[in-house]
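The values are calculated or read from the model by the stated rules, or taken from the named source; none is laboratory data. Just so it is clear, the model here is predicted, and its values are computed rather than measured. Using ideal geometry, Cβ is built from the backbone for each residue, glycine included, and neighbour counts are taken over all protein chains shown. Surface areas here come from the heavy atoms of the whole protein model, side chains and all, with no ligands, DNA or RNA. Shrake-Rupley method; radii C 1.70, N 1.55, O 1.52, S 1.80 Å.
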Amino acid sequence: MFVLDQSQIEEYRNDKPEYYRQLTKQLEALLAEDSNWVTNLSQMSAFVYQMLPDLNWVGFYLVNPKNEQALLLGPYQGKVACVHIPFGRGVCGTAASTQETQLVEDVHAFDGHIACDGDTNSEIVMPMVVDEQLKGVFDIDSPINNRFDQDDADGLSELLDILISKTEF
């Protein structure tokens, strides 16, 4: 159903805003079937992993119900990952503590970076806030330095908004 082909990679590289507009339509249809949070976070992870080029990890870290100052690994696509991340530590923990998107060109230059996958070189992490409450972060990694730009941040933010609107937490 969702497979990234060469023409889509070209479209992505030539007109990211339009490519993301198309992805929003596809994601809305994909998430229309159910509102369960596990299902939708799983679908979102797989969808983004399949539809964007040059990624090596896509997923969620969720606020740990046993320690609300830490994140716990949630649904994802990619290699095995770190399970616990304290708020304020690494890119994900920084996004959680500041509730601001972290767009990192070179993770190795990011103070306190947690190397869950040594192949990762750049990262974008977005806080997932529902009804003014942090639920977790959406984390996307790439083996390519400077992989993400503001067009990616804007497009992924729209996808995350769709996820939040279609999901019961």
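Numerical summary
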item	result
Conditions (1) surrounded by 19 or more Cβ atoms within 10 Å (Cβ to Cβ); (2) part of a helix (DSSP H, G or I); number of the one not met by residue 126	(2)
Which numbered condition residue 54 misses (of (1) open to solvent by less than 50 Å² (accessible area, probe 1.4 Å); (2) within 15 Å of the chain's Cα centre (by Cα))	(1)
Identity of the residue in segment 110-133, modelled with pLDDT of 85 or more and over 16 Å from the mean Cα position of the chain (by Cα), that ends up nearest to residue 64 (Cα to Cα)	133
Residue identified as charged (D, E, K, R), at pLDDT 95 or above, open to solvent by 50 Å² or more (accessible area, probe 1.4 Å) and over 14 Å from the mean Cα position of the chain (by Cα) among 33, 10, 28	28
Failed condition for residue 7, given (1) in a helix (DSSP H, G or I); (2) among the small types (Gly, Ala, Ser); (3) in contact (Cβ under 8 Å) with a residue 24 or more places away in the chain	(3)
Residues of segment 131-148 classified as free of Cβ contacts under 8 Å to residues at least 60 places away in the same chain, of a type outside the set (S, T, N, Q) and open to solvent by 20 Å² or more (accessible area, probe 1.4 Å), total	2
Segment 78-91 residues that are in a strand (DSSP E or B) and open to solvent by 30 Å² or more (accessible area, probe 1.4 Å), paired with ones that are at pLDDT 95 or above and charged (D, E, K, R) (beta carbon under 6 Å, 6 or more apart)	none
Test result for residue 80, touching an Asp or Glu at 6+ places or on another chain (Cβ under 6 Å) and either modelled with pLDDT under 95 or within 23 Å of residue 135 (Cβ to Cβ) (or both)	no
Qualifying residue in segment 96-103 (condition: of a type in the set (S, T, N, Q), surrounded by fewer than 20 Cβ atoms within 10 Å (Cβ to Cβ) and in a strand (DSSP E or B))	no
Leading residue by the ranking (least open to solvent (accessible area, probe 1.4 Å)) among those in segment 59-77 that are within 13 Å of the chain's Cα centre (by Cα) and of a type in the set (A, V, I, L, M, F, W, C)	60
